[in-house]
1. Given the conditions (1) outside any loop (DSSP other than H, G, I, E, B); (2) closer than 29 Å to residue 410 by Cα; (3) of a type in the set (A, V, I, L, M); (4) modelled with pLDDT of 95 or more, which single one is not true for residue 250?
2. Could you look through the stretch 449-459, keep only residues that are out of contact with any Gly (no Cβ under 6 Å at 6 or more places or on another chain) and surrounded by 17 or more Cβ atoms within 10 Å (Cβ to Cβ), and pick out the one that is farthest from residue 63 (Cα to Cα)?
3. Mind checking which residues of the stretch 267-282 are hydrophobic (A, V, I, L, M, F, W, C) and surrounded by 23 or more Cβ atoms within 10 Å (Cβ to Cβ)?
4. Of the residues that make up the stretch 206-228, is at least one farther than 30 Å from residue 460 by Cα, touching a residue at least 12 places away in the same chain (Cβ under 8 Å) and surrounded by fewer than 13 Cβ atoms within 10 Å (Cβ to Cβ)?
5. Condition (residue is modelled with pLDDT of 80 or more, of a type in the set (D, E, K, R), within 20 Å of residue 429 (Cβ to Cβ) and assigned to a loop (DSSP other than H, G, I, E, B)) applied to the stretch 321-328: is it met by at least one residue?
6. Could you tell me which of the residues 458, 474, 443 is within 18 Å of residue 67 (Cα to Cα), in contact (Cβ under 8 Å) with a residue 40 or more places away in the chain and among the hydrophobic types (A, V, I, L, M, F, W, C)?
7. Scan the stretch 347-357 and give yes if some residue there is of a type in the set (Ser, Thr, Tyr), surrounded by fewer than 21 Cβ atoms within 10 Å (Cβ to Cβ) and either at pLDDT below 90 or touching a strand residue (DSSP E or B) at 6+ places or on another chain (Cβ under 6 Å) (or both), otherwise no.
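The values are calculated or read from the model by the stated rules, or taken from the named source; none is laboratory data. This is a predicted model, so every value here is computed, not measured. Cβ placement follows ideal geometry from the backbone for every residue including glycine, while neighbour counts extend to all protein chains displayed.
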Amino acid sequence: MLDTDRAVVVKQILHSGPLTRGLREDKVVKSLLKATFLCIFVFAVAGLMTAQTGAPISSFPRFNPGPCDFSNQFYNDNGLDASATAELNSEPDGRFGTFRQTGPPATGSQVNWVADSTNCAAKDPTRRNFRILATTGGNSDDGNSPFSCADQGGAFATPPCAGQPGIPETVEFISILAFIHNQNAFIGSPGAVQQSYSRTVGAINGGLDGVQQNAGETISLTPGTDAGGNTTGLNPRGISTQYLVSNFEAYAAQNQFLPNGQFAAGPCSVGMNANQGRTVPNPCFPVNDTFVNGHTLSNVATPNLRQDWRFATNRNAMDGSDNNCISTDPTVCPNGVHDSPFGYFCDDLLGMWVLTYFWFLQPPNTTDPVCGPIFHAIGSANGFSPDGFPVILTAHELNDELEANNCGAEGQEDPGGTDGGAAWLVCPALPDPRNGGITTDAFLDVVRNRNGNAIDTFVLNQFSCLQKGGKFCFESAPGQ
């Protein structure tokens, strides 16, 4: 049975306005840290000084909460159907706290989540009492995250990385709560269990003096067509969760070598290839879930990936990194008002992502005169995956190096679920993994070499420093 969700006043924070589709993942954040401060809470002030060294610190201030699953009510308030028979609460790949306590990403004696009545709903009524231990590590787009800044050797312009000399890449940690395969998981979509939703919050009848009256605000979702052409649930401002989430991409790199050792130059999906003007190659790599050892294994579970995730948390309306223009003065905004694509930490309250797959069109040992040198140059800077491909860390590398030279491609699964794999993720990025955000019982979920070692030791080391000392390795130790 599902937990009974306690009531909580939730403000539905969704901006209106058309999406400027030219805003791709190569828009660079100007001051995401400022926006994060404003939207979430005041982070601990930490000097970006020398690397943390010495023995693990056993005691440090712990005030940032570990991640927990959201309550049913909070999912519903924000447009994702939490009905008992909706996808969120069903196989395959149902939400942590109900499904998948063991199995990938957990291995051996690890578990992905634990019941916790002390640190979840008791501290945040938008949560339910299941705390997530699986902590997925990766990188934020284009050299910027709330906590780290990397220039990428000048290959793509980023804000100055002052105070962080020698940091090779950005760091991001997320909690994978659920995989969503079909748009009918959104309230108001065709086939959704809930075709509409309404809840009044903040109503006052009497108050302290017995005379105050406030009708409250109504959170509502009704079927309609959003700015992206999707038939789905719209809030009173005409915005859908599906449209909002489409602005935040999580980049997955699936393995492209089949069990027989053949290289597959593209996915087994008509739509994903057609969007690139291509037909399905032979052979192709599968993009559907499988069932292994009694568990549903997502097509984007860690065993199926060749490198760690990239996340677009750097897209933010508050600091201008989305290139919005909201003045009605034509001399200020000559192309008109554009008030999207929102801000990840401010508007995407469920921490959802639309899943964008990217792949290589040539094998790693290619002798192609164009792609071969590109693969070598990127790999020399970022390292190589276990199958020999260069690790991709930025939009510049994907868009301007690989795709522009016909060496790589990207695509998204059919929102109607026909491809059989994940189309969206409910995977909130940790707003601040320091000072308790990475709990003592959490484990790191990253792609590893065949010998079991993480392919990205920088992310591994940051997780260890956070767990043992409460800060990143490149920060000073608590109390200094």
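1. (4)
2. Applying the first criterion (out of contact with any Gly (no Cβ under 6 Å at 6 or more places or on another chain)) to the stretch 449-459 yields 449-458.
Right, trim to surrounded by 17 or more Cβ atoms within 10 Å (Cβ to Cβ) and you get 454-456, 458.
Numbers: 454: 29, 455: 31, 456: 28, 458: 25 Å.
In this case the residue turns out to be 455.
3. 272, the sole residue that qualifies.
4. First, the residues of the stretch 206-228 that are farther than 30 Å from residue 460 by Cα: 206-228.
From the residues that got through so far, the ones that are touching a residue at least 12 places away in the same chain (Cβ under 8 Å) too are 214-224, 226-228.
Now restrict to residues that are surrounded by fewer than 13 Cβ atoms within 10 Å (Cβ to Cβ): 214-215.
Yes; the residues of the stretch 206-228 include at least one that is farther than 30 Å from residue 460 by Cα, touching a residue at least 12 places away in the same chain (Cβ under 8 Å) and surrounded by fewer than 13 Cβ atoms within 10 Å (Cβ to Cβ).
5. In the first step, residues of the stretch 321-328 are kept if they are modelled with pLDDT of 80 or more; the result is none.
Looking through the stretch 321-328, none of the residues is modelled with pLDDT of 80 or more, of a type in the set (D, E, K, R), within 20 Å of residue 429 (Cβ to Cβ) and assigned to a loop (DSSP other than H, G, I, E, B).
6. Working: 458 fails: within 18 Å of residue 67 (Cα to Cα); 474 fails: within 18 Å of residue 67 (Cα to Cα).
Of the residues listed, the single one that is within 18 Å of residue 67 (Cα to Cα), in contact (Cβ under 8 Å) with a residue 40 or more places away in the chain and among the hydrophobic types (A, V, I, L, M, F, W, C) is 443.
7. Within the stretch 347-357, one or more residues are of a type in the set (Ser, Thr, Tyr), surrounded by fewer than 21 Cβ atoms within 10 Å (Cβ to Cβ) and either at pLDDT below 90 or touching a strand residue (DSSP E or B) at 6+ places or on another chain (Cβ under 6 Å) (or both).
Residue-by-condition table, conditions (1) within 25 Å of the chain's Cα centre (by Cα); (2) not in a loop (DSSP other than H, G, I, E, B):
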site: 335; (1), (2): no, no
site: 354; (1), (2): yes, yes
site: 369; (1), (2): no, no
site: 380; (1), (2): no, yes
site: 409; (1), (2): yes, yes
site: 414; (1), (2): yes, no
site: 420; (1), (2): yes, no
